[in-house]
Amino acid sequence: MTPPLPPHLFDSHLHTPLCNHAAGHPREYAQAALDLGLGGVCFTDHIPMPEWFDAPWRMKRGQLGEYVQMVQDTRREFEGRLSVRLGLEADFHPGTEAYVREVLDEYPWDYVIGSVHYLGAWGFDNPEFKDEYRRRDLAALYRDYYALVEAAARSELFDSIGHLDLPKKFGDLDPDGMAALHALDVIALHHLSLDFNTAGWRKPVAEAYPAPDLVRAAAARGITFVLGSDAHAPGEVGWRFAEAVKGIHDVGGAVVTYAGRERVSAS
Ligand SMILES: [Zn+2]
Ligand SMILES: [Zn+2]
């Protein structure tokens, strides 16, 4: 049986059709959140990146204003009923930090997730390219991945790390775990939160990001959690949030949100 949803939760990882792989107007995501009894939403669509990087899966730089406008219109529409915040899911990819900083300086973001989706030229979370896992040494893969996560944490560009243990998406679990714990030390040192991302429950691995033992290890380091469904459709908003909150609270973790790039304690 699923526990009831605690009040005033935010879903702080939501996409929009501007990224070319999500459906539904932000208004429909907001309405879904309202129907579930959430307190608010923060849109975090995929950040524009240099044109050579992963172009089909994100808005173009010239669409950034349209994105901000769409979220602000939704905020006005739901005023007094639901908080609507403006964020981004940014990519951490070495060499693009200056570009990302330019985008982050352009608008008053509430919350910025830093996600690693690429190892070199390989988009390792793309189902089209998942065969590549068969050719890789998983321990080395996770070491390389968490080294990038640590660099993301040290970059000081982001408020949280997105879907921490993402390479497990298709079931390729970390055979070691030491690199993940080291990354958590760096994340704690730089005072970042973790995106508690319930989309993992919809993927072949059938486990939220991060895994329960990493949630425990993060909570023990004082790292806070930001709830996100990573919805690419309105029906995914708030997906399994009651279980998420229980999993975090059971290990002594805290759920927070961000406004104006500052951590806000959830009620
Ligand atoms: Zn996406
Ligand atoms: Zn992501």
Sort Leu9, Leu82 so that the residue with the fewest other Cβ atoms within 10 Å of its own Cβ comes first and the one with the most comes last. Leu82, Leu9
Run lengths n ≥ 4 of DSSP H only: what is the helix-derived mean residue ellipticity at 222 nm for the chain, with -39500 (n - 2.57) per run over all residues, to the nearest 500? -9500 deg cm²/dmol
Quick check for me: using +1 on Lys/Arg Cβ and -1 on Asp/Glu Cβ, what's the dipole size of the range 143-234 about its Cα centre, in debye to the nearest 20? 180
Given the options Tyr118, His249, Leu194, identify the residue whose Cα lies farthest towards the positive end of the charge dipole of the range 10-265 (+1 on Cβ of Lys, Arg; -1 on Cβ of Asp, Glu). His249
With an 8 Å cut-off on Cα pairs and a minimum separation of 6 or more residues, tell me the relative contact order of the range 85-141 in percent. 35
Can you tally the net charge around Gln72? Count Lys and Arg as +1, Asp and Glu as -1, for every other residue whose Cβ sits under 15 Å from the Cβ of Gln72. -3
Hz values of 3J(HN,Hα) by residue in the range 158-166 - Karplus curve (6.51, -1.76, 1.60), Gly and Pro given as x: 10, 8, 8, 9, x, 5, 3, 9, 3
Residue-wise, which Karplus ³J(HN,Hα) couplings in Hz belong to the range 226-237, taking 6.51 cos²θ - 1.76 cosθ + 1.60, θ = phi - 60°, and x for glycine or proline? 10, 6, x, 8, 6, 5, 10, 7, x, x, 9, 4
Contact order normalised by residue count of the range 10-265, Cα under 8 Å, 6+ apart, percent: 21
Residues meeting the amide H criterion for Arg85 (H placed from the backbone, H to H distance under 5 Å, 5 or more places apart or on another chain) are Val41, Cys42, Phe43
Residue-wise, which Karplus ³J(HN,Hα) couplings in Hz belong to the range 95-100, taking 6.51 cos²θ - 1.76 cosθ + 1.60, θ = phi - 60°, and x for glycine or proline? x, 9, 4, 5, 4, 4
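Please work out how many pairs of lysine residues in the range 10-265 are eight or more positions apart (or on different chains) and have Cα atoms closer than 17 angstrom.
Pairs that pass both the separation and distance tests number 5.
So what is the diffusion coefficient of the chain in µm² per second by Stokes-Einstein at 4 °C and 1.567 mPa s, using a Kirkwood Rh over Cα pairs?
Answer from the Stokes-Einstein relation: 71 µm²/s.
The numbers here are math on the coordinates, done by the rules we state, and not lab data. Remember, predicted model here, so these are calculated numbers, not experimental data. Ideal geometry is used to build each Cβ from the backbone, glycine not excepted, and the neighbour counts take in all protein chains shown.
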